[in-house]
Amino acid sequence: MNSAADELRINAIRFLAVDAVQQANSGHPGLPLGAAAAAYTLWTRHLRFNPRDPTWFDRDRFVLSAGHGSALLYALLHLTGYDLTLDDLRAFRQLGSRTPGHPEYHHTPGVEVTTGPLGQGFANAVGLAMAEAHLGAVYNRDETIVDHHTYVLAGDGDLMEGVSAEAASLAGHLALGKLIALYDDNKVSLAGATSVTFTEDVRERFEAYGWQTIEVGPEESNDVETIDRAIQLAKSEIRMPSLIAIRTTIGYGSPEAGTFKTHGEPLGKNMAATRAALHWEYPPFTVPDEPAAFFLAVGAKGAGLQTEWDARYGRWKAADAALAAQFERARDGKLPADLPWPAFNAENGNVATRDAGGVVMNAIAAALPELFGGSADLDPSTKTYLKGQGEFEPGSYDGRNVHFGVREHAMAASMNGIALHGGLLPFGATFFNFLDYCKPAVRLGAINKVREIFVFTHDSVFLGEDGPTHQPIEQLAMLRATPNVIDLRPADALETLEAWKFAIQPETGPSVLVLSRQKLPFLGERKADVVRGAYVLREPEGSIDLVLIATGSEVSLALDAAKLLAARGTQARVVSMPSWKLFDAQDAAYREQVIPPEIKARMSIEAGATIGWSKYVGDHGIAYGLDHFGTSAPGPAIAQEYGFTPEHIADVAAGLLANV
Ligand SMILES: Cc1ncc(C[n+]2csc(CCOP(=O)(O)OP(=O)(O)O)c2C)c(N)n1
């Protein structure tokens, strides 16, 4: 039995949320009504946060993975004193409001992570907990400065999604003891009861993953003391993550409680009955004095928590100024003044760009301790292992090589969490074609605009024998169409170095390095202007007849074709274009200098889908690429079969010139 005070406060959360949904005539009342008591218990008795400084580094992180329940989060943020007013709640889901349909990072103070696609928030929370574990292991000394929990509220939908299964398996393996999931186990999703779709024993599944599981039964799912005990139990188990399955009732209090009808529609005609059932007699958007004061006092306690931490931090900093300088630099997303970049030349530069990437990463790793990540069981192939930097392992978290296992989706989603935690620069690697298995998370990284680096190797059909299932065709087009993501497909070792220099810059979003499996020739010592997206690599003597534009491994091909053309008396400029996005961001003068509009004979060469190239080659040009899947054969045979040879490219270019 809750005290009358608790009951009133929980109802204050519930009704702010459902009033917002009602006002918008859009949104999801079911989750806030059912999960309010759990959220109340967590936020008022456990969560360490400071509404006056939502970015306090050692705050507990709270992720609402079931992002459709955003009104619940906004109610909590408002009540506890974040900069979110009742007017903001009244503007729920409206144009330009700070209370969008799903929680958006960068948008609302106190929202840690953008959530909406189910399962992602859960996996982000795993990343947040990984970051906490690593930073704690690296930086805590006599004083602890990184020591917080990560909480995630997840629904049936989240736990049905594959990404949460991958992430839970990873978290269980890694024994992330400060990760606590509150499972809103209401047995209903959008379209009906989960008896139709989701009947496994979730607790047993999580136990098999290596989680502690705790149940709060249907009679106790609104009971603050019971939920409190469950959270305490979860916190006391530090050797493994915990799942608290709370058997809630969706739409609690509504005449249609327990049914999918309360999931995603305003209460409407049921509003009065819901208010009556829960004895809530206040007009919309009204918070009685006692709950209002109580929640503000809970929030205000955060300032004290942070002050305590500040004092600890001061002592910690005084004990090791150099370590503190490193921590603060990385926390602020700044780079060291100098990094020991490697040099590439004709001696050491004739390598696959994946190898060049490995050389670059290993050269800078010691000087860039925030670089933290790994591959989805492919680092012998992706060359992304950081030698001598140790393993990030269960119970031993100071190593910087993360073994994500064959879990691309969880890798990418946890990278978002790691990046959002602050203090680290995550990287993750796999074959380029398996971007498909990362894409939902790459997109959210782009929406969140987080600095993270994807290293995708085996970047074209020229990977060879593994065949069409492994050979990317449409991946570059997909990346280029995704806002905020920077595509980088370097042509040789030097461009790979420059691509890395760009990717680590502060204020970038996700960068994707697209690297070759096969050896590529070093294209000469030069200013490889990767940051401008494209640059002139070969300039013929005299007038230019034609412009060849290529990316990655096709740049050396274009150069060879240009030489053949020269022997036939045709003068070709060769443009290396490692990044569309960066090139498009240049001013018109630069773009026209590189691709002169008056030269109509333009040909792009890229072993991938040709969609989009017309914007560079124009109406008269040719986009030479691959608009079909590849085949299993050695790389050179594939090049021959699909006409990616200097002779064929020269012939096609000559034909173009004849017809312009
Ligand atoms: C990846 C993804 N697929 C589908 C949806 C649409 N969707 C939003 S909520 C929901 C049902 C979620 O069920 P549950 O987690 O049980 O939430 P509850 O009904 O308890 O609010 C669905 C299918 C989504 N947001 N993300």
statement: Note on segment 20-30: residues part of a helix (DSSP H, G or I) and either open to solvent by 10 Å² or more (accessible area, probe 1.4 Å) or free of Cβ contacts under 8 Å to residues at least 60 places away in the same chain (or both) are Gln22, Gln23, Ala24
Matching residues, segment 206-243, being in contact with a Ser or Thr (Cβ under 7 Å, 6 or more places away or on another chain), farther than 19 Å from Thr150 by Cα and among the hydroxyl-bearing types (Ser, Thr, Tyr): Ser221
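Residue under question is Asp87, and the condition is that it be assigned to a helix (DSSP H, G or I), more than 16 Å from the ligand (Cβ to nearest atom) and either under 23 Å from Ile418 (Cα atoms) or free of Cβ contacts under 8 Å to residues at least 24 places away in the same chain (or both); does it hold? Break it down into steps so the answer makes sense when it comes.
Numbers: assigned to a helix (DSSP H, G or I): yes; more than 16 Å from the ligand (Cβ to nearest atom): yes; either under 23 Å from Ile418 (Cα atoms) or free of Cβ contacts under 8 Å to residues at least 24 places away in the same chain (or both): yes.
Yes, satisfied.
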- line: Within segment 160-182, the residues that are in contact with a Lys or Arg (Cβ under 9 Å, 6 or more places away or on another chain), crowded, with 24+ Cβ neighbours inside 10 Å and within 17 Å of Phe62 (Cα to Cα) are Ala167, Ala168, Ile180
task: Report whether or not Ala356 is closer than 22 Å to Glu498 by Cα, modelled with pLDDT of 95 or more and open to solvent by 60 Å² or more (accessible area, probe 1.4 Å).
output: no
query: Quick one: is Val152 within 23 Å of Gln306 (Cβ to Cβ), within 16 Å of the ligand (Cβ to nearest atom), at pLDDT 95 or above and of a type outside the set (D, E, K, R)?
result: yes
Enumerated helices (runs of 4 or more DSSP H) restricted to segment 200-281, each holding at least 1 residues that are among the basic types (Lys, Arg) and open to solvent by 50 Å² or more (accessible area, probe 1.4 Å): 202-209, 224-236
Filtered residue count, segment 605-628, keeping only those that are open to solvent by less than 20 Å² (accessible area, probe 1.4 Å), in contact with an Asp or Glu (Cβ under 9 Å, 6 or more places away or on another chain) and outside any loop (DSSP other than H, G, I, E, B): 1
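Just to be sure I understand, how many residues within segment 629-645 are open to solvent by 30 Å² or more (accessible area, probe 1.4 Å) and out of contact with any Phe, Trp or Tyr (no Cβ under 9 Å at 6 or more places or on another chain)?
Number of matching residues: 7.
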message: If the requirement is being in a helix (DSSP H, G or I), open to solvent by 10 Å² or more (accessible area, probe 1.4 Å) and among the basic types (Lys, Arg), which of these qualifies: Arg480, Arg526, Arg517?
response: Arg480
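I'd like to know if segment 40-49 contains one or more residues that are away from the ligand (no atom under 16 Å from the Cβ), of a type in the set (Lys, Arg) and closer than 24 Å to Ala131 by Cβ.
Checked segment 40-49: at least one residue is away from the ligand (no atom under 16 Å from the Cβ), of a type in the set (Lys, Arg) and closer than 24 Å to Ala131 by Cβ.
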query: How many residues does segment 373-417 contain that are in a helix (DSSP H, G or I), open to solvent by 10 Å² or more (accessible area, probe 1.4 Å) and over 18 Å from Pro440 (Cα atoms)?
result: 3
message: All but one of (1) assigned to a helix (DSSP H, G or I); (2) closer than 30 Å to Leu368 by Cβ; (3) away from the ligand (no atom under 16 Å from the Cβ); (4) not small (Gly, Ala, Ser) hold for Asn124; state the number of the condition that does not hold.
response: (3)
Failed criterion for Arg9 (all others in (1) in a helix (DSSP H, G or I); (2) within 16 Å of the ligand (Cβ to nearest atom); (3) open to solvent by 10 Å² or more (accessible area, probe 1.4 Å) hold): (2)
message: Checking Leu42 against (1) hydrophobic (A, V, I, L, M, F, W, C); (2) within 21 Å of Asp223 (Cα to Cα); (3) open to solvent by 10 Å² or more (accessible area, probe 1.4 Å): exactly one of these is not met. Which one?
response: (3)
query: Considering segment 330-343 alone, what residues qualify as being more than 13 Å from Tyr139 (Cα to Cα) and assigned to a helix (DSSP H, G or I)?
result: none
query: Which condition breaks for His46 when tested against (1) touching a residue at least 40 places away in the same chain (Cβ under 8 Å); (2) under 25 Å from the mean Cα position of the chain (by Cα)?
result: (2)
- prompt: Cβ-Cβ below 8 Å, separation at least six or inter-chain, first residue in segment 93-118 and over 17 Å from Ser26 (Cβ atoms) and within 14 Å of the ligand (Cβ to nearest atom), second assigned to a loop (DSSP other than H, G, I, E, B) and among the aromatic types (Phe, Trp, Tyr): which pairs?
  reply: Thr114/Tyr105
statement: Restricting attention to segment 258-285, the residues that are more than 12 Å from the ligand (Cβ to nearest atom) and over 15 Å from Gln23 (Cα atoms) number exactly 10
- prompt: Is there a residue in segment 157-179 that is within 9 Å of the ligand (Cβ to nearest atom), free of Cβ contacts under 8 Å to residues at least 60 places away in the same chain, closer than 22 Å to Leu128 by Cα and in a helix (DSSP H, G or I)?
  reply: yes
- prompt: Do we find a residue being assigned to a strand (DSSP E or B), within 16 Å of the ligand (Cβ to nearest atom) and under 24 Å from Met130 (Cα atoms) anywhere in segment 58-80?
  reply: yes
- prompt: What pairs can you find where one residue is in segment 425-442 and more than 17 Å from Asn124 (Cβ to Cβ), the other is of a type in the set (A, V, I, L, M, F, W, C) and open to solvent by 20 Å² or more (accessible area, probe 1.4 Å), and their Cβ atoms are less than 8 Å apart, with a gap of 6+ or different chains?
  reply: Ala429/Leu378; Thr430/Leu378; Phe431/Leu378; Leu435/Met478
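The values are calculated or read from the model by the stated rules, or taken from the named source; none is laboratory data. This structure is a prediction, so every number in the text was calculated from the model and none was measured. A quick note on method: Cβ atoms are made from the backbone with ideal geometry, for glycine too, and the neighbour counts reach across all protein chains shown. Keep in mind that these areas ignore ligands, DNA and RNA; they rest on the heavy atoms of the full protein, side chains included. Shrake-Rupley method; radii C 1.70, N 1.55, O 1.52, S 1.80 Å.
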